[in-house]
Amino acid sequence: MTAWLMYLGEDPKRVGGGYDDNPSTHYSWDSRVPNAAHVLVGDAIVLWDGESLLGLSVIEDIGTGSGMKDLSSCPKCRKADIAERKTMTPKYRCWNKDCKAEFPEPHVETVPVTTYRSRYEAGWIDLRGHVSAKELRALCEEPGSQNALRRLRWDDFRTRVETGKNATPLTILDTTRKVIAGGHTLRTVRARKGQAAFRATLLEDFGEVCAFLGPMPAAVLEAAHLYSYAANSKHHSFGGLLLRRDVHRLFDLGQIAIDPKALTLDVSPITRSYADYDKLHGQPLTVPVTKAHQKWFIEHWAMHRTSTPVL
């Protein structure tokens, strides 16, 4: 898999005026950024903020457009290798080794650009702080690169995430990529505005009961969607269950799924290595569900398991 380490933060070379990036859903850049046109649907996107890893996913779609960008450069050599100084004057300095000019304001030129906006919500895994900036730089194909878009050594990066500190399985990325390649609609678990009302409805329908674990204090129960809220843009009836936070997270990642035929829990092998979750494997749901729920169970199962039971 081709993988890109993409910087998310204040970077005028990348944004040229700014984009409305959202780490868990979309990220933008323009044609003046090195590697801009090389990023493709199906590539892995790994976001960092210059200090540590934020998360990763697989790119589902890349939209293109047009815009204008302000390019700042050295007034003397017209190179873009300039830096703003916080305490010294003149305010700017050129870092081009053949120039080293100092100046109060950069030369600014406005140029047309192609804009790119990637969308990747379905497979997003939040791994904020799991890998340091030093490690991420070392895992790039060119560790000394300063580009906003850098190629990662995917196999080495994946090994670090799945076996290192705070090990997290990335199998959802494999599934997401297969779904994208097959041209199917992506389904995953997401929650957006209206969540409080949706949770209140679920509490009224099911009571203070985790669908996997049984009765729980309401304070620890979260409303888990059984479909992609972003794709559907509304909270569907029979489209959610109440889950305790830890099993909600495992459900999001596909480490726990619901067999649509037997209505029992299917816990992945890696998660069954933990006794507390191993005992859930094969257990029935603790709340009654309808055929409407089962429709969403089928979609979640198809996203995270290799075969779909026939009802």
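No value in this document is a laboratory result; all are computed from the given coordinates. Keep in mind that this is a model prediction, so the values were computed, not measured. FYI the Cβ positions are ideal-geometry reconstructions off the backbone, even for glycines, and counts take in every protein chain you see.
My understanding is that a pair violates if its Cα-Cα distance is over 19 Å; which of Lys134/Lys165; Lys91/Lys134; Lys79/Lys100; Lys178/Lys279; Lys76/Lys100 do that in this structure?
The answer is Lys91/Lys134; Lys178/Lys279.
About its Cα centre, what dipole magnitude does the chain give when the only charges are +1 on Lys and Arg Cβ and -1 on Asp and Glu Cβ, stated in debye to the nearest 20? Let's see the in-between values first.
Numbers: 41 positive and 37 negative charges, 80 e Å.
Charge dipole, the chain, about its Cα centre: 380 debye, nearest 20.
What's the Cα-based Rg to Rh of the stretch 3-163, Rh via Kirkwood?
That ratio equals 1.00.
Suppose every Lys and Arg Cβ carries +1 and every Asp and Glu Cβ carries -1, with no other charges. What dipole size does the stretch 31-94 come out with about its Cα centre, to the nearest 20 debye?
So the magnitude is around 760 debye.
I'd like the antiparallel share, as a percent to the nearest 5, of DSSP beta bridges with both residues in the chain. Don't skip to the end; give the middle numbers.
Numbers: 48 of 53 bridges.
Of those bridges, close to 90 percent are antiparallel.
Can you list, largest first and rounded to whole Å, the semi-axes you get for the stretch 101-146 by taking the square root of 5 times each eigenvalue of its Cα gyration tensor?
That gives 32, 22, 11 Å for the three semi-axes.
Dimensions of the stretch 195-304 along principal axes (Cα, Å, largest first)?
Cα spread of the stretch 195-304 along its principal axes, largest to smallest: 36, 31, 22 Å.
Which three numbers, in whole Å and largest first, are the semi-axes of the equivalent ellipsoid of the chain derived from its Cα gyration tensor as √(5λ)?
Computed over the chain, the values are 44, 20, 18 Å.
So what's the back-of-envelope 222 nm ellipticity for the chain, counting only DSSP H runs of four-plus at -39500 (n - 2.57) apiece and dividing by all residues, rounded to 500?
-6500 deg cm²/dmol
Which residue fluctuates the most in the chain, going by a Gaussian network model with Cα springs under 10 Å, if the choices are Leu241, Leu280, Leu253?
Per the Cα network of the chain with a 10 Å cutoff, Leu280 tops the list.
Could you list, by residue number, the cysteines of the chain that have no other cysteine's beta carbon within less than 4.7 Å of their beta carbon?
If one checks each Cβ against the other cysteines of the chain, Cys140, Cys210 turn up with nothing under 4.7 Å.
Based on DSSP loop calls and a cut-off of at most 14 other Cβ atoms within 10 Å, the longest stretch of the chain free of exposed GluC sites (Glu not before Pro) is what?
Working: sites that count: Glu10, Glu51, Glu141, Glu208.
It works out to 209-311.
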